[in-house]
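Handing you a structure now.
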């Protein structure tokens with residue numbers, strides 16, 4: 001059979017033409033055990049404890065990213081004499097493999113274990129026998145690895161990682177759909193058609209007709225972070241799991257597996273959601289703090305949450321001075337909380353920005369470039385969109401505890417009592 005087809009809830013029919021070099025290679029890579037492992041790793045970790053439909057996996061997401069990468073590359077190829085077919089092939093394959101390094105429950109495991117999934121992705125591409133063999137036969141090993149490395153980003157690297165990369169253009173639509181938030185929140189087809197590449201300056205840009213749609217895209221992503229990824233229930237569950245992973249000792253089978261997986265590739269690839277869920281069931285029977293944490297996750301008895309930000313910013317105008325005042329107040333509170341001996345709690349503090357401005361030390365690929373006409377100057381979108389320039393930064397400050405009395409004691413400390 002010269003064609004393989006997968007029916008996807010977001011993109012519809014994703015077809016693989018086995019006579020095409022890129023599609024044939026992609027299909028072979030999908031059949032490897034390292035890629036099939038992604039079926040057993042949920043895309044949104046513990047989010048299904050709050051959004052019951054969010055049980056989709058890194059496997060389905062990766063297929064979608066490959067599909068979007070092909071669409072982006074076809075758009076860049078259109079009418080261009082500078083397009084490099086081999087680099088295009090490498091970008092499509094890199095997009096397919098971009099999540100190979102994720103551990104159980106995705107980002108929560110990564111933070112708790114202090115393991116960067118990007119580093120593991122590079123190791124798997126270079127060292128896992130099946131993956132490395134297919135890439136070497138195709139002559140793409142070096143090109144694919146290079147696309148993951150930091151530094152000046154070509155349009156091909158921006159397909160893999162940028163504001164409009166294939167990853168974001170898939171998860172924006174997929175995660176909103178699976179959490180029940182509706183469609184993607186922006187016009188995917190229109191945005192895609194407004195993208196182009198300045199090959200001389202090595203930048204992907206939006207033409208003037210795409211600016212309004214880019215504003216919708218940034219706001220949709222901002223709301224997805226606030227309402228789904230940073231939902232208080234999701235974050236509370238993640239803190240509980242992170243606490244459990246820190247407490248489990250190497251004498252326990254899970255702790256032994258985690259210790260081995262810190263450096264051993266084969267051991268790391270044996271870890272997936274099923275391994276961790278099985279360990280939770282076993283730990284629940286053992287008594288003590290690990291038993292209580294395991295039961296809280298398996299039975300959805302999540303820690304109570306107190307929203308400090310709602311109180312700290314009450315009546316504030318979110319100006320720079322207001323944010324500085326709250327940051328100073330939070331620093332003092334952390335010190336007092338540590339000295340108080342109140343007990344066990346989880347502090348969650350982060351800032352969410354709709355559009356990450358490029359500053360010294362940040363990747364230039366995080367900038368959204370716009371261009372007016374064929375010979376226009378490339379400009380940062382915040383220079384041409386007053387809406388993007390005015391998009392707010394959301395400050396999350398929360399305290400979690402399984403003990404309501406500890407929450408009340410913390411409130412007194414915050415209020416100076």
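Working only within segment 258-276, note down all residues that are in a helix (DSSP H, G or I), out of contact with any helix residue (DSSP H, G or I) (no Cβ under 8 Å at 6 or more places or on another chain) and either closer than 19 Å to residue 32 by Cβ or at pLDDT 95 or above (or both).
Result: 266, single match.
What number of residues within segment 23-58 are farther than 18 Å from residue 177 by Cβ, under 16 Å from the mean Cα position of the chain (by Cα) and in a helix (DSSP H, G or I)?
1
Within segment 70-110, how many residues turn out to be under 20 Å from residue 60 (Cβ atoms) and part of a loop (DSSP other than H, G, I, E, B)?
9
Another question, if that's okay. Kindly check whether there is at least one residue in segment 364-381 that is assigned to a helix (DSSP H, G or I), without any contact (Cβ under 8 Å) to a residue 40 or more places away in the chain and either within 31 Å of the chain's Cα centre (by Cα) or loosely packed, with under 13 Cβ neighbours inside 10 Å (or both).
Applying the first criterion (assigned to a helix (DSSP H, G or I)) to segment 364-381 yields 364-366, 381.
Next, from what is left, pick out any that are without any contact (Cβ under 8 Å) to a residue 40 or more places away in the chain: none.
Scanning segment 364-381, I find no residue that is assigned to a helix (DSSP H, G or I), without any contact (Cβ under 8 Å) to a residue 40 or more places away in the chain and either within 31 Å of the chain's Cα centre (by Cα) or loosely packed, with under 13 Cβ neighbours inside 10 Å (or both), so the answer is no.
Given the conditions (1) out of contact with any helix residue (DSSP H, G or I) (no Cβ under 6 Å at 6 or more places or on another chain); (2) under 22 Å from residue 221 (Cβ atoms); (3) at pLDDT 90 or above, which single one is not true for residue 370?
(1)
Take the conditions out of contact with any helix residue (DSSP H, G or I) (no Cβ under 6 Å at 6 or more places or on another chain), buried (at least 16 other Cβ atoms within 10 Å of the Cβ) and more than 23 Å from residue 89 (Cα to Cα) and apply them to residue 23. Does it pass?
For residue 23, the condition - out of contact with any helix residue (DSSP H, G or I) (no Cβ under 6 Å at 6 or more places or on another chain), buried (at least 16 other Cβ atoms within 10 Å of the Cβ) and more than 23 Å from residue 89 (Cα to Cα) - is not met.
Then there's this: Only helices (runs of 4 or more DSSP H) wholly contained in segment 111-200 count here; list those with 2 or more residues that are under 30 Å from residue 214 (Cβ atoms) and in contact (Cβ under 8 Å) with a residue 12 or more places away in the chain. Please lay out each step first, then the result.
Values: elements: 117-127, 129-138, 141-146, 155-160, 166-179, 188-193.
The qualifying helices (runs of 4 or more DSSP H) are 117-127, 141-146, 155-160, 166-179, 188-193.
Residue-by-condition table, conditions (1) touching a strand residue (DSSP E or B) at 6+ places or on another chain (Cβ under 8 Å); (2) surrounded by 21 or more Cβ atoms within 10 Å (Cβ to Cβ); (3) within 14 Å of residue 355 (Cβ to Cβ):
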residue	(1), (2), (3)
188	no, no, no
192	no, no, no
205	yes, yes, no
208	yes, no, no
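Any chance you could count how many residues in segment 255-290 are surrounded by 14 or more Cβ atoms within 10 Å (Cβ to Cβ) and on the phi > 0 side of the Ramachandran plot?
The qualifying residues number 0.
Let me ask you something else. Take residue 297 and tell me if it is part of a loop (DSSP other than H, G, I, E, B), under 25 Å from the mean Cα position of the chain (by Cα), in contact (Cβ under 8 Å) with a residue 60 or more places away in the chain and surrounded by 13 or more Cβ atoms within 10 Å (Cβ to Cβ). Give the steps one after another, and end with the answer.
Numbers: part of a loop (DSSP other than H, G, I, E, B): no; under 25 Å from the mean Cα position of the chain (by Cα): yes; in contact (Cβ under 8 Å) with a residue 60 or more places away in the chain: yes; surrounded by 13 or more Cβ atoms within 10 Å (Cβ to Cβ): yes.
For residue 297, the condition - part of a loop (DSSP other than H, G, I, E, B), under 25 Å from the mean Cα position of the chain (by Cα), in contact (Cβ under 8 Å) with a residue 60 or more places away in the chain and surrounded by 13 or more Cβ atoms within 10 Å (Cβ to Cβ) - is not met.
Need the failing condition index for residue 52 against (1) over 19 Å from residue 207 (Cα atoms); (2) touching a helix residue (DSSP H, G or I) at 6+ places or on another chain (Cβ under 7 Å); (3) at pLDDT 95 or above, just the number.
The number of the failed condition is (2).
Evaluate the following for residue 99: is it in contact (Cβ under 8 Å) with a residue 60 or more places away in the chain, within 15 Å of residue 144 (Cβ to Cβ) and surrounded by fewer than 19 Cβ atoms within 10 Å (Cβ to Cβ)?
So residue 99 does not fit the description; no.
Okay, next question. Quick check on segment 221-239. Is at least one of its residues closer than 30 Å to residue 126 by Cα, crowded, with 20+ Cβ neighbours inside 10 Å and within 21 Å of the chain's Cα centre (by Cα)? Break it down into steps so the answer makes sense when it comes.
Taking segment 221-239 first, the residues closer than 30 Å to residue 126 by Cα are none.
Taking every residue of segment 221-239 in turn, none turns out to be closer than 30 Å to residue 126 by Cα, crowded, with 20+ Cβ neighbours inside 10 Å and within 21 Å of the chain's Cα centre (by Cα).
Looking at residue 61, is it in contact with a strand residue (DSSP E or B) (Cβ under 9 Å, 6 or more places away or on another chain) and outside any loop (DSSP other than H, G, I, E, B)?
In short, no.
Report yes if residue 210 is in a loop (DSSP other than H, G, I, E, B) and touching a helix residue (DSSP H, G or I) at 6+ places or on another chain (Cβ under 9 Å), otherwise no.
Details: in a loop (DSSP other than H, G, I, E, B): no; touching a helix residue (DSSP H, G or I) at 6+ places or on another chain (Cβ under 9 Å): yes.
Judged against the criteria, residue 210 is not a match.
Follow-up question, since we're still on this one. What residue, among those in segment 382-407 that are in a helix (DSSP H, G or I) and surrounded by 14 or more Cβ atoms within 10 Å (Cβ to Cβ), is farthest from the chain's Cα centre (by Cα)?
406
The values are calculated or read from the model by the stated rules, or taken from the named source; none is laboratory data. It should be emphasised that the depicted structure is a prediction, and the values quoted were computed from it without experimental measurement. No Cβ is skipped: glycine too gets one built from the backbone with ideal geometry, and neighbour counts run over all protein chains shown.
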